[in-house]
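Only one structure is covered here, and it is reproduced in the block below.
The values are calculated or read from the model by the stated rules, or taken from the named source; none is laboratory data. Everything numeric here is computed off the predicted structure, so don't read it as measured data. Heads up, the Cβs are rebuilt from the backbone with ideal geometry, glycines too, and the neighbour counts pull from every protein chain shown. For accessibility, only protein heavy atoms count, side chains too; no ligands or nucleic acids. Shrake-Rupley method; radii C 1.70, N 1.55, O 1.52, S 1.80 Å.
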Amino acid sequence: MDMALPIVNATATVLARVSAAFNAPLARAVVFGVHIDGHLVVEGLLIAVIVFQLTRKSYKPPKKPLTEKEIDELCDDWKPEPLCPPIKEGARIDTPMLESAAGPHTIVDGKEVVNFASANYLGLIGNEKIIDSCVGSLEKYGVGSCGPRGFYGTIDVHLDCEAKIAKFLGTPDSILYSYGISTIFSVIPAFCKKGDIIVADEGVHWAVQNGLHLSRSTVVYFKHNDMASLASTLEKLTRGNKRAEKIRRYIVVESIYQNSGQIAPLDEIVRLKEKYRFRVILEESHSFGVLGKSGRGLAEHYGVPIEKIDIITAGMGNALATDGGFCTGSVRVVDHQRLSSSGYVFSASLPPYLASAAVSAVNYLEENPSVLSNLRSNIALLHKELSDTPGLEISSHVLSPIVFLKLKKSTGSPTTDLDLLETIAERVLKEDSVFIVTSKKSNLDRCKLPIGIRLFVSVGHTESDISALSKSLKGVSASVLSDYF
Amino acid sequence: MVRLPYSTALTTLFSYGLLFAFGHLRDFFRRIIDSRKPTTNLKDYAPICLGHEDFYTRRLFNRVQDCCNRPIASAPDAWIDVIERYSNDGNKTIHRTSKTSRCLNLGSYNYLGFAAADEYCTPRVIESLKKYSASTCSVRVDGGNTKLHIELEELVARFVGKPAAILLGMGYATNSTIIPALIGKGGLIISDSLNHNSIVNGARGSGAAVRVFQHNNIAHLEEVLREQIAQGQPRTHRPWNKIIVIVEGIYSMEGELCKLPEVISVCKKYKAYTYLDEAHSIGAIGKSGRGVCDLLGVDPADVDIMMGTFTKSFGSCGGYIAASKEIIHHLKQTCPAHIYATSMSPPAVQQVISAIKVILGEDGTNRGAKKLAQIRENSNFFRSELKKMGFEVLGDNDSPVMPIMLYNPAKIPSFSRECLRLNVAAVVVAFPATPLLLSRARICISASHTREDLIKGLEVLSKAGDVSGIKYFPVEQEKTTAVEKLKKIQ
């Protein structure tokens, strides 16, 4: 009893103090001379709890890497696709086999035919002078050059060929490539890197598309050969875009489009390029040696000075009747490619006999500029004769040596269209001995232009050849397409 | 593998650092001087090459430009006429003279000696030139398919040991256009870290995912395969459509063979497809010249796709793919180089046909077998002598490609110019074809080199090596005499 009383008194005093502290309005405690409110204690405790929770790691379910046994099971279960799809029934696999030179008259599968399938525009296949220069080259240098340009693969005929082409076109320098299509798909990635802007025609052929893809730049396509579409695309890309002045900008066009036979209006393109400050890359495979008064290409045809076009590339497998390609432009442009163009640095150089064939071909063109007017009259004659073919219409330019015939009315499905055209080509070959071909597409090609029959006109075709072709084509297409129209 | 001693690494890094510092200093002054000149009409156009992109070209490579791109005036045979050149402005521009000097050719890819005019091949090539002319001016699927092309495809398939083959006009384009036709988005390509640029371009152009495994490291290849099959495609984890593993027969910068039997067994275990690029090994190695499969005893039916080029051993141009009939049929329908590119030039096709006939002995002589034995003997002799002299030589036995390590950037031009002065044409390779610190000189042996040629070559290389200081290993003769001395004492 005596012990309890002081304890009870002490408890009562403490309780009284605590309740006074809590009940007193605006209770004030003084700690070390600083005033502290009661609610501040609570807030301080709250902040301490929050900080404590924040510093703890959030809850993550524990990560369990796959065990070896699980990986083994996954590897056993995995079934890969076959490397290639199975052969489709009735797929056309055989191409006609030539047994002589691919001139205007050639032997296909044993019989003599009129050949409209080779891009032999200047008739240089079988030319005596070119064959003699090749024979001389073969006896001196052998066939191959056995090395890339950097490692003793540069032979003096290569340097002569580059100088000759540069002089012919009027540019400071040029560079030779060993394969026609590798020219453009090595040049574009050498100059266009990630972050650059390229405006390209939607009808460019596969090699250009591959170059654009490899360059990793931003590519914008405009409607095929439509200058209004090009102007509006350029306007959209540069309007209000301050950054556009610091990055490189290119327009990529072909002079004569392989997929349609149209010719790009170079004067309009140069005017737009100068207005919006773009550079032009021009692919001249089918117009070098064909367009212009002396065969110097699209720039001569339109009267545009050659310095205004920044980069010109061309394959030599068409008018020049040899193989390989070249690129030409200013000294800076050409020099840069000698170290950074992958198709030039990492590949063996052009066989020397093909380079000497190119030199002889350019010589021939310089000495005989009259072949160009003969070629133009042949093309005009073909246009006239084929203008009333039943079911087919000519959709290429009147000056283009690739005469493109497409169906007047498509059946609606590309495979049926292709079937019809192939049937026409086969029957023309079998019945009338005229060799023509359709335009073929790989499934990797993203060009959406319609397919058709492509006729390659050469200066070696005579009038009788052209009339044989037109008679045969009219007869066969009338019978094949009569079921459809 | 290359063992880089620390002292060499430090001195090489220091040299490159000095060169970069001077290059940047020169650029700095050039910018100051140029800013005072009036602007040209290229205002508002971004420069076609930004300053830092071709820094290496302008400041480092141009100093030693005369060691590369040397023009020759003869066939790339065992002895060549190198055209002499001079420069008046410190190698910025180089001019040709009309003088030539006759040098021993240790740089061209002429493994079997078909580079110059050959007694069996050249008359037939000229005949085919007169018959078919230099070019067909047409793509293969249109009017470019001649009797010669079909004959060569059958011959190549028979030579390599596969059912069918397809021909293309350029080796580089073969890789970069076939790989996109075989695999696309949703597929996986696993390629060796030292694969050639054409394979890298083809893999990038295909749209498939690409993973790299350490050079010739089979354990790492297996690890990558297991991880990739288990994980599937990134982010979605769907299984891959197919996996292709790409390796080369001989790696041209290392001279090494690939470990083909192990690669095949790993790929079979994990159901991946194999693609073998035999650009340097077809025709040059193996008892009958059939390449790395012949040498290592691998059945060609185990490799899914075999690719090769005709530039190196057959003295022509172009490439081929050999595989099963279905794959070749599929490629003929889809490969862009087959459908869009001018077909291979007929005389070049005839050259390959004649060369393969010589190698197989079908021309009626045993010149082919003699050439194959000669190149094997030449390569092994040359490699062992170089090693005895103390050079650091890479590569396996039987491989005709021999890189000699240089490392230091100053040794590159000194070795090359010294060799040229003593009438040997050697090839030096530096960045970007090799890693920055590992520049090398590369020797390619040919079957048309005689024993005297090789001995002369060894003498000159030894002298040039002494001048440049690249004999990193002790000379073997000293080692053997030391051992003999020990034996005598004992």
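Can you tell which of B:Leu155, B:Ile359, B:Leu296 lies farthest toward the positive end of the dipole of segment B:120-360, using +1 and -1 charges on the Cβ of basic and acidic side chains (Lys, Arg; Asp, Glu)?
B:Leu155
Pairs of Cα atoms under 8 Å, at least six residues apart: use those to get the relative contact order of segment B:120-360, whole percent. Walk me through the intermediate numbers first.
On the way: 460 pairs, mean separation 76.4, N = 241.
Taking the mean separation of contacting Cα pairs over the length of segment B:120-360, I get 32 percent.
Taking only C-alpha pairs under 8 Å that are 6+ residues apart, what is the relative contact order of chain A in percent? Write down the numbers at each step before the final one.
Working: 790 pairs, mean separation 89.2, N = 485.
Relative contact order for chain A comes out at 18 percent.
Return the loop-located GluC sites (Glu not before Pro) in segment B:300-405 (DSSP other than H, G, I, E, B) with at most 12 other Cβ atoms within 10 Å of their own Cβ; answer none if there are none. Display every interim value, and only then the final one.
Numbers: sites: B:Glu326, B:Glu362, B:Glu377, B:Glu385, B:Glu392; in loops: B:Glu362, B:Glu392.
Qualifying residues, ordered by number: B:Glu362.
Cα convex hull of chain B: how many Å³ per residue?
Details: hull volume 106.1 nm³, N = 490.
Per-residue hull volume (Cα only) is 217 Å³.
List the trypsin sites (Lys or Arg not before Pro) within segment B:155-212 that DSSP assigns to loop and that have no more than 12 neighbouring Cβ atoms inside 10 Å. All intermediate terms of the calculation are to be shown ahead of the outcome.
Working: sites: B:Arg158, B:Lys185, B:Arg204, B:Arg211; in loops: B:Lys185.
Those that pass, being in a loop and sparsely packed, are B:Lys185.
Which entries in the list B:Lys162/B:Lys268; A:Lys129/B:Lys99; B:Lys162/B:Lys357; B:Lys162/B:Lys332 go over 20 Å, if you measure between the two C-alpha atoms of each? Kindly include the intermediate steps, with their values, before the conclusion.
Working: B:Lys162/B:Lys268 18 Å; A:Lys129/B:Lys99 28 Å; B:Lys162/B:Lys357 17 Å; B:Lys162/B:Lys332 16 Å.
Among B:Lys162/B:Lys268; A:Lys129/B:Lys99; B:Lys162/B:Lys357; B:Lys162/B:Lys332, the Cα-Cα distance tops 20 Å for A:Lys129/B:Lys99.
Would you list, by chain and number, the aspartates and glutamates whose Cα falls below 12 Å from the Cα of B:Lys370, excluding same-chain residues fewer than 8 positions away?
none
Using a 1.4 angstrom probe with every protein chain in place, what is the largest-first accessible-area order of A:Arg446, A:Arg338?
Solvent-accessible surface, decreasing: A:Arg446, A:Arg338.
Calculate the translational D of the protein assembly as shown in whole µm² s⁻¹ from Stokes-Einstein, where the hydrodynamic radius comes from the Kirkwood formula applied to all Cα pairs, the temperature is 4 °C and the viscosity 1.567 mPa s.
The Stokes-Einstein estimate is 41 µm²/s.
Determine, at each q value in 0.20 (inverse angstroms), the log₁₀ of I(q)/I(0) that the Debye formula gives when each Cα of segment B:147-215 is one equal point scatterer.
Computed log10 I(q)/I(0) values: -0.87.
Could you tell me the distance between the Cα centroids of segment B:317-372 and segment B:169-208, to the nearest Å?
21 Å
Mind checking the dipole of segment B:120-360: about its Cα centre, +1 per Lys or Arg Cβ, -1 per Asp or Glu Cβ, Debye to the nearest 20?
Details: 24 positive and 20 negative charges, 108 e Å.
That gives a dipole near 520 debye.
Please list, in chain and number order, the residues 5+ apart from B:Lys312 or on another chain whose amide H is under 5 Å from its amide H, with Hs placed from the backbone.
Hits under the 5 Å cutoff: none.
From Cα coordinates alone, what are the radius of gyration and Dmax values for segment A:351-485 in angstrom?
Cα radius of gyration and Dmax of segment A:351-485 are 17.1, 53 Å respectively.
³J(HN,Hα) across segment A:107-112 via Karplus (A = 6.51, B = -1.76, C = 1.60, θ = phi - 60°), whole Hz, x for Gly/Pro?
With coefficients 6.51, -1.76 and 1.60, one gets 9, 10, 6, x, 10, 7 Hz.
Counting only residues 5 or more places away or on other chains, whose amide H sits under 5 Å from the amide H of B:Ala134 once H atoms are built in the peptide plane?
Those lying under 5 Å, H to H, from B:Ala134 are A:Gly126.
Report ³J(HN,Hα) in whole Hz for each residue of segment B:20-36, in order, from the Karplus equation J = 6.51 cos²θ - 1.76 cosθ + 1.60 where θ = phi - 60°; Gly and Pro get x.
Values per residue, Gly and Pro as x: 4, 4, 5, x, 5, 4, 5, 4, 4, 5, 4, 5, 5, 5, 5, 5, 8 Hz.
Please work out how much accessible surface A:Leu15 shows to a 1.4 Å probe, ignoring ligands, DNA and RNA, in Å² rounded to 10.
For A:Leu15, solvent-accessible area is about 110 Å².
Only helical DSSP H runs with n ≥ 4 go in: add -39500 (n - 2.57) per run for the protein assembly as shown, normalise by residue count and round the 222 nm mean residue ellipticity to 500 deg cm²/dmol.
Values: 31 runs with 414 residues, N = 975.
Theoretical 222 nm ellipticity from helices: -13500 deg cm²/dmol.
Scan around B:Thr146 for amide H atoms under 5 Å from its own, H built in the peptide plane at 1.01 Å from N, and keep only partners 5 or more places away or cross-chain.
Under 5 Å from the amide H of B:Thr146 lie the amide H atoms of A:Leu98, each far enough along the sequence or on another chain.
Of B:Lys259/B:Lys388; A:Lys236/A:Lys448; A:Lys194/A:Lys273; B:Lys269/B:Lys325; A:Lys440/B:Lys242; B:Lys411/B:Lys463, which pairs sit farther than 19 Å apart, going by alpha carbon to alpha carbon?
Numbers: B:Lys259/B:Lys388 26 Å; A:Lys236/A:Lys448 23 Å; A:Lys194/A:Lys273 21 Å; B:Lys269/B:Lys325 24 Å; A:Lys440/B:Lys242 28 Å; B:Lys411/B:Lys463 13 Å.
With Cα atoms farther than 19 Å apart: B:Lys259/B:Lys388; A:Lys236/A:Lys448; A:Lys194/A:Lys273; B:Lys269/B:Lys325; A:Lys440/B:Lys242.
If I model segment B:120-360 as equal point scatterers sitting on the Cα atoms and use the Debye formula, what is log10 I(q)/I(0) at q = 0.11 Å⁻¹?
Normalising to I(0) and taking log10 leaves -0.56.
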